[in-house]
Amino acid sequence: MISKTITLTGHNYIGTTPSAKGSTTFQTFNPQTNSNNPTVFHEASSEEINRAVALASSAFEQFKTIDGARKAAFLRAIAEEIMNLGDDLIDTYCSETGLPEGRAKGERGRTVFQLQSFADLVAEGAWVEATIDTAIPDRTPAPKPDLRRMNVPIGPVVVFGASNFPLAYSTAGGDTAAALAAGCPVIVKSHPMHAGTGELVASAISKAAQRTEMPEGVFSNLNSSGIEVGQQLVQHAQVKAVGFTGSIKGGRALLDLAAKRPEPIPVFAEMGSINPVILLPDALKTRGIELAKTYANSITLGTGQFCTNPGLLLAIEDPSLDAFINTLASELLEIAPSCMLHPNIKKAYDTNKERLTSQSEVTVIAEYTESLQTNYAGQVISKVTGSQFIANPTLHHEVFGPSSLIVVCKDKQELESVVANLEGQLTGTILGNNLEINEYNYLLSLLSNKVGRIIFNGVPTGVEVCPSMVHGGPYPSSTDARFSAVGTSSIKRWVRPFSYQNWPNELLPIELKNENSLGILRLVNNVLTNDHI
Ligand code: NAP
């Protein structure tokens, strides 16, 4: 590892130029020491926002024509420059999040892997989904034209950094990597809780852009301490799409803002989720104790600050469920509480936890309350019946943090009703034995209508980065259930299909030319083939 000491400046990156014209300043906060970090960050001014968007818009004209090999080199250079930041990046990450070094390094590894995966994807080239229908000049009654279709980049994209993934879903995270891979310039609205981590990663992207001779403005990083910078960006006429990870309230506000523009644009928002877990009776009887231990860990992992945290456990009443709940309670209280990302996140956790547990029908089963350090969260599990859950919408809201609600149903029909009454979710999990699953086909069908990913005998926390992953789901877990925010398929959010009709071969893009010199898989006259025409 290259270790050096980089001084944070608190500047924005407008293209590759550091800039600090705004008069609003802010600092990030170390929740472990309960004190401000020293760097003073400058919020981007309106003029800086306009400049970043204008640069992105002019960069787009060149960037969209850059071939897959050069885009891949750019993405790989970003990964290298992130690693070159060495311990400075890890130290800054930890000081701005309260998360441990191991998590910082793990997330850096995931970020680099995502960049490399998109580099491989665009270097290979078939992701454009080239589709060719050759002409039939003698077709009657009218000749058939030659039509050739492929995915093309949509234009400049605004990416909102996520509070709980300062690396993997922020400055050079999945949304940015996918948009750059597609050929879209990116303007990041940095998350104010980890602006220093964002600045370091932005400096790495800036170096990589210069090293690989990308057009100026292909990437900008804008600081903000409030919602105005994001609002201005989403309303900017030259911005063509938005990627967001955060709360339902924030995502929905941006979706509405984008829809009200003279030219509405897509907002791909990944938002809150309570990730129902269904415990089937046989599994509870044979493996209840083991499952309770596993779930105590999943509920508290990362202080519960994962969008895939298991916030809801559903089961049918039975003595084996009581044994599961007792073990879950004792295991949960054995786990040492950990630090939340920021006092505001801790405050929101306390408020939402209180709102849930103060509902008259809710029984608290176990809550860690002993000598909590400042900004540390006490884990809690509570219980309601199926009918109570259905009747009270407050119980359906996400409590972002280490909290889980157990819903005890009187029978299979009530369990089905509970699932039918859920909002859209990122994930659903079934804990069951193979033989009993067949008795629950209707329940599985109801659950699959509600979720983007269904897990068998596992935990929802832990999102694999691979092409078959779906991280998204019906509203309100995301604003568009047709797309994933994780994995290489997420590139599809940043493209639009485009057709050439009767275009001369020499003027077509390389992916659509007769010779298929890239050797990519294409759909030619309804046959998938690598052949030339
Ligand atoms: P947040 O409050 O929604 O903030 C996210 C970002 O959006 C911040 O930069 C915030 O700006 C901005 N923002 C919020 N409301 C806005 C508005 N009305 N207009 C313009 N910008 C706005 O979320 P958070 O507290 O950082 O994150 C926690 C939430 O994220 C949880 O609900 C969690 O489930 C969700 N999450 C979802 C996923 C997923 O993949 N589905 C992953 C991780 C987290 P300011 O901070 O400057 O106000």
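Some notes on this structure:
- Pair list, Cβ under 6 Å, 6 or more apart: the stretch 173-188 residue crowded, with 24+ Cβ neighbours inside 10 Å, other residue aromatic (Phe, Trp, Tyr) and in a strand (DSSP E or B): Val186/Phe219
- Test for Val459: is it under 26 Å from Phe118 (Cα atoms) and at pLDDT 95 or above: no
- Output for the stretch 474-533, where each listed residue is of a type in the set (A, V, I, L, M, F, W, C) and touching a Ser or Thr at 6+ places or on another chain (Cβ under 6 Å): Leu523
- Residue in the stretch 308-315 that is open to solvent by 30 Å² or more (accessible area, probe 1.4 Å) and at negative phi present: no
- Counting only residues that are free of Cβ contacts under 8 Å to residues at least 60 places away in the same chain and surrounded by 23 or more Cβ atoms within 10 Å (Cβ to Cβ), the stretch 387-434 holds 1 of them.
- The lone criterion from (1) modelled with pLDDT of 95 or more; (2) within 16 Å of the ligand (Cβ to nearest atom); (3) under 25 Å from Leu313 (Cβ atoms) left unmet by Phe268 is number (3).
- Assessment of the stretch 163-172 against the conditions (assigned to a strand (DSSP E or B), touching a residue at least 12 places away in the same chain (Cβ under 8 Å) and within 11 Å of the ligand (Cβ to nearest atom)) yields no matching residue.
- Complete set of residues in the stretch 353-387 that are modelled with pLDDT under 95 and among the aliphatic types (A, V, I, L, M): Leu372
- Close contacts from the stretch 108-129, counting a first residue that is among the small types (Gly, Ala, Ser) and a second that is open to solvent by less than 10 Å² (accessible area, probe 1.4 Å) and in a helix (DSSP H, G or I), with Cβ to Cβ under 6 Å and a gap of 6+ residues or different chains, come to Ala119/Ala72; Ala119/Leu75; Ala123/Ala72.
- Of all residues in the stretch 278-329 being within 16 Å of the ligand (Cβ to nearest atom) and not in a helix (DSSP H, G or I), the one that is nearest to the chain's Cα centre (by Cα): Cys307
- Matching entry among Lys207, Lys240, Lys249 (being closer than 18 Å to Thr9 by Cβ and open to solvent by 10 Å² or more (accessible area, probe 1.4 Å)): Lys207
- Any hit, the stretch 52-61, residues being over 26 Å from Trp127 (Cβ atoms), assigned to a loop (DSSP other than H, G, I, E, B) and either modelled with pLDDT of 95 or more or in the same structural domain as Val152 (by TED's automatic domain parsing) (or both): no
- For the stretch 234-265, the tally of residues that are more than 30 Å from Leu447 (Cβ to Cβ), more than 8 Å from the ligand (Cβ to nearest atom) and touching a residue at least 24 places away in the same chain (Cβ under 8 Å) stands at 12.
- Qualifying residue in the stretch 435-455 (condition: in contact (Cβ under 8 Å) with a residue 24 or more places away in the chain, in contact with a helix residue (DSSP H, G or I) (Cβ under 8 Å, 6 or more places away or on another chain), outside any helix (DSSP H, G or I) and not hydrophobic (A, V, I, L, M, F, W, C)): no
- Close pairs (8 angstrom Cβ cut-off, 6 or more residues apart or separate chains): in the same structural domain as Phe63 (by TED's automatic domain parsing) and at pLDDT 95 or above in the stretch 143-155, aromatic (Phe, Trp, Tyr) and buried (at least 20 other Cβ atoms within 10 Å of the Cβ) anywhere: Asn151/Trp127; Pro153/Phe60; Pro153/Phe63; Pro153/Trp494; Ile154/Trp494; Gly155/Phe60
- The residue that is surrounded by the fewest Cβ atoms within 10 Å (Cβ to Cβ), counting only those in the stretch 137-162 that are of a type outside the set (Phe, Trp, Tyr) and within 16 Å of the ligand (Cβ to nearest atom), is Ala162.
- Filter result for Thr28 (crowded, with 17+ Cβ neighbours inside 10 Å and in contact with a Leu (Cβ under 7 Å, 6 or more places away or on another chain)): no
- Within the stretch 42-63, the set of residues being out of contact with any Pro (no Cβ under 8 Å at 6 or more places or on another chain) and open to solvent by less than 20 Å² (accessible area, probe 1.4 Å) comprises Ala44, Glu48, Ile49, Ala52.
- Residue count, the stretch 389-414 (criterion: part of a helix (DSSP H, G or I) and over 22 Å from Asn441 (Cα atoms)): 6
- For the stretch 463-519, residues that are in a helix (DSSP H, G or I), open to solvent by 80 Å² or more (accessible area, probe 1.4 Å) and not acidic (Asp, Glu) total 2.
- Selected residue (criterion: farthest from Gly304 (Cα to Cα)) from residues of the stretch 433-468 that are within 12 Å of the ligand (Cβ to nearest atom) and out of contact with any strand residue (DSSP E or B) (no Cβ under 6 Å at 6 or more places or on another chain): Val463
- Candidates Ser417, Ser404, filtered to the one that is hydroxyl-bearing (Ser, Thr, Tyr) and away from the ligand (no atom under 16 Å from the Cβ): Ser417
- Scanning the stretch 330-366 for residues that are of a type in the set (A, V, I, L, M), part of a helix (DSSP H, G or I) and buried (at least 19 other Cβ atoms within 10 Å of the Cβ) turns up Leu332, Ile345, Leu356.
The values are calculated or read from the model by the stated rules, or taken from the named source; none is laboratory data. Computed from a prediction, not measured in an experiment: that's the story for all the values here. Here Cβ is always computed from backbone atoms with ideal geometry, including for glycine, and neighbour counts include all displayed protein chains. Surface accessibility is based on the protein's heavy atoms, side chains included, excluding ligands, DNA and RNA. Shrake-Rupley method; radii C 1.70, N 1.55, O 1.52, S 1.80 Å.
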